[in-house]
1. Rg and Dmax of the chain, Cα atoms, in Å?
2. State whether segment 260-369 is rounded, prolate or oblate according to the following rule on the C-alpha gyration tensor (a ≥ b ≥ c being the square roots of its eigenvalues): a/c under 1.5 gives rounded; otherwise a/b larger than b/c gives prolate, and the remaining case gives oblate.
3. To the nearest 10 Å², what's Ile154's accessible area with a 1.4 Å probe?
4. At a 1.4 Å probe, what is the % contribution of carbon and sulfur to the accessible area of the chain?
5. If DNA, RNA and ligands are ignored and the probe is 1.4 Å, what is the ranking of Ile193, Ile130 by accessible area, most exposed first?
6. In square angstrom, rounded to the nearest 10, how much accessible surface does Arg384 have for a 1.4 Å probe?
7. In debye to the nearest 20, how big a dipole does the chain give about its Cα centre with +1 on each Lys and Arg Cβ and -1 on each Asp and Glu Cβ?
8. Please work out the ratio of the alpha-carbon Rg of segment 1-52 to 2.2 N^0.38 Å and round it to two decimals.
Amino acid sequence: MSATGNPLIDNAPHEWRVLTVDEVKSSERHACVAGPFGSSISSKFFTDVGVPVIRGSNLTIGLERFIARDFVFVSAETASKFSAQTVCAGDLVFTCWGTIGQVGLIPNDGPFDRYIISNKQLKLRVDRDILDPLFAFYFFAAPESVRYIQDRAIGSAVPGINLGILKSLPVLIPPLFIQKRIVAILGAYDDLIEVNRRRISVLEEIARGLFDEWFVRFRFPGYEDIPILDTPDGPLPEGWVWGAFRDLAREVRLTISPENSPADTPYVGLEHMPRRSITLDQHGRAKDVSSLKSRFQHGDVLFGKIRPYFHKVVYAPFDGVSSTDAIVWRPVAGLAAQALAVASSDAFVAYSVQTSNGTKMPRANTGVLADYRCALASSDIASRFQDTVGPIAELCATLQAANQRLAASRDLLLPRLISGQLSVTQAERELEKAA
């Protein structure tokens with residue numbers, strides 16, 4: 001086996017084969033093609049429903065197989081013109097312009113049975129008698145392969161790869177039964193991670209639902225026995241009062257300079273904060289940031305204050321530092337759950353947008369946000385809500401921390417397994433310990 005420049009291949013057992021993408025593609029017509037030409041599938045063809053279009057936002061660099069959200073659609077009639085660019089379960093999709101190295105695998109469990117790739121994507125359908133699709137995904141998503149692909153990009157201002165480059169990429173081909181055992185091991189880690197992700201999603205949905213029921217619809221425990229009274233600001237249950245967000249949380253303005261930040265302090269930038277989720281799923285380190293930072297503590301609420309990031313609101317699962325483009329809200333004792341629920345609500349985010357200042361890069365006005373009107377419950381209901389919903393944010397953070405440990409174990413195993421440097425049997429033992 002001659003050297004290729006990809007360590008996964010160059011360190012593999014000599015008896016394992018190496019073929020090109022062109023040699024492992026399916027014999028079906030249009031098994032390896034580029035996306036539609038130019039503007040033939042541009043925004044003017046988008047519809048509210050129909051066949052989803054895969055764009056760069058549906059792929060990532062890393063081991064998340066597919067981001068099944070934020071789709072745009074084209075009509076079935078338009079989609080019929082792009083049968084060659086149609087992908088379904090088991091197909092691989094590569095970004096060919098922009099963020100090179102992104103790869104995705106179309107899932108078996110939906111949410112749709114077919115998709116159209118955009119003009120910045122490449123499609124690959126493998127011959128399953130040679131290559132397992134999930135093994136192919138792990139191979140191409142491994143950091144070593146991502147770097148290998150990026151090193152072969154053409155162009156400078158906007159790097160890219162073309163269909164010829166994709167077809168020429170070498171692929172490591174262990175015996176098929178070895179591929180399937182490797183996939184079973186790595187997939188087991190992914191399955192555990194996905195279970196936790198779904199639990200987080202369900203828990204967050206429960207928290208949002210309870211907030212809406214108790215504080216918007218006023219259907220809290222025992223509401224049947226509490227009369228609703230008319231007030232100048234609107235109806236409220238007896239014993240409740242109208243207040244402001246400042247009654248739930250206070251803005252904290254504690255900054256720290258780069259030279260005074262311990263290098264290993266967790267750092268949360270706007271880029272780390274997930275969209276429409278209160279659970280922080282990634283962070284960096286203070287040593288990698290040279291600008292002034294805000295300090296926060298475990299239990300604070302971080303709120304992106306630049307308009308494109310108003311929907312980024314997270315619960316702080318540890319003490320750390322953040323970008324000064326995030327507002328640090330510190331909940332009042334006993335009201336943390338309601339403060340987090342209000343700050344992450346659609347109504348509060350919409351209010352942030354409406355009252356922001358500036359044109360090119362509008363920013364939230366913290367004083368105005370502090371005045372946001374809130375229903376303040378009687379002490380017994382406030383305590384019950386805190387006791388019911390408060391632990392949810394912490395449980396979500398615990399599940400996410402478990403996911404980070406699982407992902408770290410998987411990421412250590414992947415290159416050693418894919419390259420054959422770690423025996424499948426030993427990896428199976430390590431999986432048993434992790435589970």
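1. Both quantities, over Cα of the chain: 25.2, 81 Å.
2. Numbers: a/c = 1.86, a/b = 1.28, b/c = 1.45.
Oblate is the answer for segment 260-369, as a/c is 1.5 or above yet b/c matches or exceeds a/b.
3. 70 Å²
4. Numbers: 10570 of 20770 Å².
The nonpolar share, carbon plus sulfur, comes to 51 percent.
5. Details: Ile193 10, Ile130 35 Å².
Putting Ile193, Ile130 in descending order of accessible area: Ile130, Ile193.
6. That residue has around 120 Å² of solvent-accessible surface.
7. Working: 46 positive and 48 negative charges, 241 e Å.
Taking the Cα centre of the chain as origin, the dipole is about 1160 debye.
8. Values: Rg = 19.0 Å, N = 52, 2.2 N^0.38 = 9.9 Å.
My calculation over the Cα atoms of segment 1-52 gives 1.92.
The values are calculated or read from the model by the stated rules, or taken from the named source; none is laboratory data. These numbers were taken from a predicted model, which means no experiment stands behind them. As a convention, Cβ positions derive from the backbone with ideal geometry for all residues, glycine included, and neighbour counts pool all protein chains shown. Accessible surface is based on the protein model in full, side chains and every heavy atom, while ligands, DNA and RNA are left aside. Shrake-Rupley method; radii C 1.70, N 1.55, O 1.52, S 1.80 Å.
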